[in-house]
Structure formats: structure tokens, C-alpha cells
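**Q** Next up is a structure, given as C-alpha cells.
The values are calculated or read from the model by the stated rules, or taken from the named source; none is laboratory data. Just so it is clear, the model here is predicted, and its values are computed rather than measured. Cβ atoms come from the backbone with ideal geometry, glycine included; neighbour counts cover every protein chain shown. Accessible surface areas use protein heavy atoms only, side chains included; no ligands, DNA or RNA. Shrake-Rupley method; radii C 1.70, N 1.55, O 1.52, S 1.80 Å.
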Amino acid sequence: MTISSAEGFLPAASCLPCTAEEERAAVDALTRDAEASVKDGDLRYLVSQSWWTHWQSYVGLLSYGENDTDIPLQPTSRPGEIDNRKLVSEENSCGTEEQELQRTLREGDDYTLVPQEVWRKLYDWYKGGPEICRKVICEDPTSRRYIVDVYPLHLTLIDERVSSVRTIKLSRKAKVQELYRLVCSLLAVEQSKILLWDHYQKTKNKKLTNMGETLEEAQLMMDQESNGVVVAAWSCEGGYSSFSNGTKDEIHGLTGLHNLGNTCFMNSAIQSLVHTPPLVEYFLKDYTQEINTENPLGLQGELAVAFAELLRKLWTAGRTSVPPRAFKSKLSCFAPQFSGYNQHDSQELLAFLLDGLHEDLNRVKKKPYIEAKNADDRPDEEFAEECWNYHKARNDSIIVDKFQGQYKSTLVCPECNKISVTFDPFMYLSLPLPSTVTRMMTVTVFSGTGASLPMPYTVTVQKNGVCRDLCKALSDACCLNDSETLLLAEVYDYRIYRYFSPLELLHSIKDNDQLVAYKLPVGYENLLRVEILHRKVDRFTSEPQFNGTRKLIGSPLVTCIPIDSTKKVDIYGAVSVVLAPFVRAKVHPPGDSMLNGSGPSLDGIVLTDNSTSCGKGLSTSNVDEATTDAEIFPFKLYLSDDKGHVRNPIEEDSNHVFGLTMRLLMDWSDREHGIYNLKYMDDLPDVFKPGFMSKKTRQEAVNLFSCLDAFLKDEPLGPDDMWYCPSCKEHRQASKKLDLWRLPEILVVHLKRFSYSRYMKNKLDTFVNFPIHHLDMSKYEKHTFGGDQPPIYELYSVINHYGGLGGGHYSAYAKLVEEDSWYHFDDSHVSSVNEEETRTSAAYLLFYRRVDGNSCAMSEDVPVDTDMVDSPEA
């Protein structure tokens, strides 16, 4: 007996099982009902993502292999008990109190949220636990946007009368009035008798008197430095007490930032910006006249003010660390994805922060409409200046002045060679590491003229490149003659699966594919291509040997002959030539050349130079008329198809071929094996073996200039990023080239260590050797502005990322320019470091400041990176 509907006719305590289809229908119906009538105060339950994925697979909502978890799916098996133990902290994983969650959980990765009715059904069917519920809160009443308060605020309540401490939990959307009611209820006092303070780091920061304000608006946040809580203090009838840390710090700019809960990504970006000399100078002065209160793209100056206040605190002597709560609150208003306490990418936050500061400080109050114009064959200098002036007419701030440069982007149509040039602003350079933009590929090169044995070559090419690039790399590796070219193909199941066109993307080639390249004469397209497949025959009957589907053996060979040379003797002659390198030494001792035109023969066949085909010809002038085919020809050939299924005899005079390809099937008996060594055609290597040279690659250092070269390299656009050619009137896979036209005063370099795809996430820990002093960008800046100094840069800050994806830890190195000393800013901890310690494999973002020839950075007493300063080619 089973439950027959979503509502269920059996009591909740029933343990009779449902079918997978019934469970899915019930959960679907209950979920739809819950979402349609969601309201403030509803409950949502946390369910382990691994268990939920297993259940989805069981009921048919998820196909095998679609999950990103480490647990293999078993589509036909029913999951066991619900196991939420990994979601809760160890202290109360077995307790009965409200469950305390682990602090680093992510929805979709660690847990999923289900309505209360769904949880009851799941628990009825599977049991288990522990039960973890959280309230639904209305984040925006106007738009009726609801969220689940997975991590409510944990506030420590200190009763100063008796020095007692207790922890209370409340939604961050709760009003201050609700906090007062809760405290009064717990302490059995009247509200008129108490006053609550925002108490942080043993200091009363402010009184909580705005009863209509939410706790989030009151900037009450959990603090990792205080065991995950913010302290709220109360006192009765004015009997307040106060605390003071009394710490003195005479050096400015060495103040740390409290970690508010996974906010190290934000702290590191803040420390790098507040140690940027032009920004320090700007915000320590009166900047308020530049605040733009009319810009709808900003926060009417609130973000800029919050940043300025935080910067001034960090540059005030006598502080050990500062909680950036007010700033985080304002940043979350501008970029809501940074609200809450999940870990984020420091570079992403930096980009949003610089953009938000720019909009708040944009000197342009009303942006003019400017229609984009084309270059129209004008000089680059004229068009670039026009584009920059148009940009400055709409965007003019301290951020643009100091951080923004200008790209030159060139697109070329592969069909009509139409060139399109644009000039665009940039805020930072996102440089790929060479190992993320290149791939190693192994291809076996065969001679189509019988000149040599096959040889595998491993070359390095651009991942976004085309097959033409691969053939060029192979040509250099195998020393291809000017009279030769390469025909690239994939071999699968002992036959040619496909040929590659020059513009075919390398993305289409997988690591476990097997590629071959045939050396053919230039202009082979005008000849008849001959493909030779190999098939093993029985040693006694000379009939084909069928073992399942593996009747073919070896690797296909390719040669070519004139279109009008399709006689039997021409075909056998061409095949004899291409097989010549495979002849065993016992048949032709060392020193005997089968290709010398007058050398020894095979069963009366002599190779000559009279043919106009790819290789040498075949002469039977000395053969007796009574000699049989078996005596004349040392192997058996048949006309066939591309799969080797057809076996038609070859005619003496002429053989008709459809198209420009003749496909032959060669039978291999013991006789052929005795003459030719087939092992050179067996076991083609894969394009790339996982683990091949991986250890070497991890240990290999990358130069910053090689990252720049990879970033600025000419490369084709991807298939999803086609360019509409105005000349062809069609979308084309154009080639794109970036150049740095105008470099900013502050150059931010982002090293792209993270890569993402649907099935894989990866982080590269490659050490990038970057200069600390004298970064010379002269080679890369394409336009020199009159009277300007050469673009020489000095490093002043580094953001580091330690650990793997989905977590890890951020910190920053920053230089106090006036002190000429480096410090490590690790949240609230600040320590002195040597200059060379700043160059590590954890470097993620580099901050450089442009200097002139009179700068102290260029003086004789400052060390120069001699291993990198000579030239970018180092």
C-alpha cells in the first residue's frame, strides 16, 4: 500500500513507503503551494545538499553526473536517513537546543532550503536530522522580496549590574524595539529602566535609541574577532560603566580591520586602496565639494563618505584595529551581492568599490548624450583622443584621474579583412597566466611521400587558437620543407574520423583524441588523395579476421597521386612508396635504399623516379608476362569506403573514384607482417595525457611580462562571441588584438588564478615573478604623450589569496611610502615584513604607481630587479 496523493491520506506517523514518482509529486505540490503563499515568519528547513541531490536523483529530478558534489549518484537507489550533522557545529550537533550552523555554509553547495510542509514529508519518509529551521523575513516590503534568515544575529548581552553574560539571537531585520522587548523579557525589567548600547571590543560605541531602525541599519553585525558576536551592553538608571584600551601607536597607517565574518576579501581590498598615495591625499583633504548627490548610478555620496571615514580612522594614530561595519553596510547597498557573510572574490569587490566611488564622486552632474563614432580611417592618435574626451565628458572623478587607462582594440574579419578599431577605457588589467591560455598537444606526423617513419611531436598552442596555429607549431617542430604542407586529421577506431580545416577551433579537440598530420606536397588539393586502411586476415585462409568490431589495425596512411593516374600499377606504386619506411631491415639490409630508384626490388618490383605522384613510381618492365599478381605485388589492396566495410578489386587500366579521395584497404597476413613493421603505426598517443609534466608545470615560474604578452596576443574570438562584420553583413569569428594605448597613474594588475567551467573549478598556485621596482611598460604603451616620462612603475601593494576555491583567506601587503617600509595586513593583525617577502605564489592583485625620473624610486640607493628590468622579454 502507498500514499496516493500529495496531501496524503495516512497519518503523519505512517512509515509506509511511497514510490519515487509519488514522493516527487508530493514535494512538487507542497513546494508550489508554499512559494505561492509565502509570508513573513514562515519557516524554511535546511537539508544537506548531498542528501538532497541523492533524493533528486532517486525521484528522477536529476540525471546521473549533473551534480557538482563529490558523492556519486545512484539513480535507482533510495537514500537513507536525512543526515544534517555536517551542517551544525560540533558543540551542539547532538543537542536539543536550536542548532548552531557551521559558519562557512553556502546554499546550493552545502544545503538546500525546503518549506516546512516539505520537511515534514521528508522526515515522515526518511527520518534522520537534526532538524534545522530558519525564519523567512521580508527584505523589501515594496517588491515583496523575501529571504531566509539562515544566519540570525548572535548578540552577547552584558548585564553590568551583576556582570552576567548571555547570548541572544535575533533577525538582522528585527527592529531595535524588538531587541528592547526581548531584553526586558529576559531580565524582567521595564523598558524605561534600561538603555542598550552598541558595545564592541570592550567599548560602548553608541546608544541604541532609534526604535524604528532595524538591527542591520543600526550596524549591529557578528564579529569573528569576538567569537562570532557583537556585544550589546545595558545598564540601569544611568549606572553606566565604560572601558578604554589605552593602546598607543605613533606610526600612522598601521591600523588593522576586524573580520566581521568572512570579510577578509573586503579587508584586503580596503587596505590596498587606503595605502594608495593619491587616494590618501584626496580623502584626508576636503573632498565633499565633489560629492555627486544627483547621480542615480551611485549612492548620492554615502559610499564615498563611508570610505573616507574609514580611511581617516585607519590613518589615525593610537588605534589597533577598526570594525568596518558602517562601510560594509553602505557597500552592500551599492552592491547587494556583498551583503551577508559569504566569502567573495577580492578582485570583484575592488571593481565594484572603485566603480561606486567613481559614481559618488563624478564631477559630471548631468551626463551628455554622445553618439559613438567610427574611426573612418582617421589616424589612431586623433580617434583615440576623441574617444577619451567623450569618455571624460561623462566620467570625471578622482578614480578616472588616477586609475583609468585606455585600450586599443582591433578586430579583423577572416573573410574580407575588414578592420575595426575602437578605443575603450579600463580600470585594471586582468592577465591570464600562460598555463591558462595555452595547452600542450601531441600529434603524430606521418610522411605522405615515404621519406621517414612517423614521429610524435608535442607542441604548445593557444587554447583559443585554430588548427592553422597547431599546424604552424608542428611545421616548426618537424622542420617542414617549403615544398611540403600538413594535413591534420583525427584517427578513431583505426580509421580517419575527420579532417580539420585551418580555421577550426582547437576547443573542438579533446585531450583523449588521437591526432595525425600527414606531410604532403604543397598543392595536394589538386591531386587525388589516397587513404590506406589496414585489416588483419587469417593466416590460413587469407580471409578477413572479424573480432567484434576491431577488424581494422594500425593507423591510416595518406598519400596522393595525379587524378588521371588510377591504373593498378600507379596505385600499387604509390602505396609501395608510402610503406617504404616500414620495411624491415632483414628485407632491406642497412645501406640499401628502397627509394634510390635503382635499388633492390620486392618480388620483381623496382621503385623508380619516373612518377609524378607524391613519391616514386613503380616499374614492372622486367617482370615476365606469366608472373601472377601475387608475385608482382607484395601486398593485397582493395577499393573500399571510409570505414573499411567495402572490398572491391582494383582494375588494371583505370579505377573510377567518386570525389577527390580514393580509399584503399590493405590486407595484412603473415607475409605482409614479415616485410613491414606495423608497430610504428600502432598505439597513437593521445593529444594530452593527464598528469604529463604536471609536476614540472606546478613548479615552473611565470614572468609578469609573459602574462602581459598572453593578454595582448592576437587571438580569434570564441564561437559564442562572434563579431558582426559591417562589410560581409554576417557574424564572423574575427581575430582580436588588444594594445595598451594610455596607461594610468595607478596600474592595478589582476592575475587570473581562478578558472571556472560547468564541470571543473580550478586555482593556479603558479609563482609569478613580478618586479617590485622599475616596472618598465615602454614596450606595451603604444602611444607616447608629448613630454611624458617613460612609463616606469613601483609596486606599493599586493593582495594575496591563500588556499583553494570556495574559501581560502585573503591578506594584503602594503608599503608606507613615507617610511619606505612594507607591512602585512592580515585582518586586525599588522606586522612588518621584508620587501622580498611580498613576492610569493599567493599574489593575486598587484598595485603599481607610476613614477617620474626624479622619483626616489629611481635613485641609486633603491634596489632594482635586475632579473626583470632589462627588458620585458626576460
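**Q** How do Met440, Met777 rank by accessible surface area computed with a 1.4 Å probe, from largest to smallest?
**A** The most accessible residue leads, giving Met440, Met777.
**Q** Order Thr104, Thr316, Thr438, Thr53, most accessible first, counting only protein heavy atoms with a 1.4 angstrom probe.
**A** Thr104, Thr316, Thr438, Thr53
**Q** Which order do Phe658, Phe688 take when ranked by solvent-accessible area (1.4 Å probe, heavy atoms of all protein chains), largest first?
**A** Phe658, Phe688
**Q** Of Lys285/Lys782; Lys408/Lys729; Lys86/Lys169, which pairs sit farther than 28 Å apart, going by alpha carbon to alpha carbon?
**A** Over 28 Å Cα-Cα: Lys285/Lys782.
**Q** Here is the link list: Lys472/Lys679; Lys418/Lys472; Lys519/Lys736; Lys173/Lys313. Which ones come out longer than 26 Å on Cα distance?
**A** The answer is Lys472/Lys679; Lys519/Lys736; Lys173/Lys313.
**Q** Expressed in whole Å with the largest first, what are the equivalent ellipsoid semi-axes of segment 337-400 derived from the C-alpha gyration tensor as the square root of 5 times each eigenvalue?
**A** Rounded to whole Å, the semi-axes are 32, 15, 10.
**Q** Still on this structure, please answer the following. Quick one: length gained pulling Gln789 to Ala393 fully straight, 0.36 nm per residue minus the C-alpha distance?
**A** Full-extension gain reported as 140.0 nm.
**Q** Roughly how many Å² of Asp396 are accessible to a 1.4 Å probe, to the nearest 10?
**A** About 40 Å², ignoring ligands and nucleic acids.
**Q** Please state, rounded to one decimal and in Å, the Kirkwood hydrodynamic radius that segment 253-324 gives when every pair of distinct Cα atoms enters the mean of 1/r.
**A** About 13.1 Å, per the Kirkwood formula over Cα pairs.
**Q** If you wrap a convex hull around the C-alpha atoms of segment 256-402 and split its volume per residue, what is the figure in Å³?
**A** 126 Å³
**Q** Starting from the 7 Å offset along Cα-to-Cβ, what nm value, one decimal, do you get for the label separation of Asp709 and Arg647?
**A** Each label point lies 7 Å from its Cα, and together they span 5.5 nm.
**Q** Now for a separate question. Between Leu678 and Ser778, how many nm apart are label points set 7 Å from Cα along the C-beta direction?
**A** Placing both labels 7 Å along Cα→Cβ, they lie 6.4 nm apart.
**Q** Where Rh is the Kirkwood radius over the Cα pairs of segment 386-525, the temperature 10 °C and the viscosity 1.306 mPa s, what D in µm²/s does Stokes-Einstein return?
**A** Estimated via Stokes-Einstein, D reaches 86 µm²/s.
**Q** Express in Å², to the nearest 10, the accessible area of Leu480 obtained by rolling a 1.4 Å probe over the protein heavy atoms while all chains stay in place.
**A** 40 Å²
**Q** Which value, in Å² and to the nearest 10, is the accessible area of Trp125 when all protein chains are kept and the probe is 1.4 Å?
**A** 30 Å²
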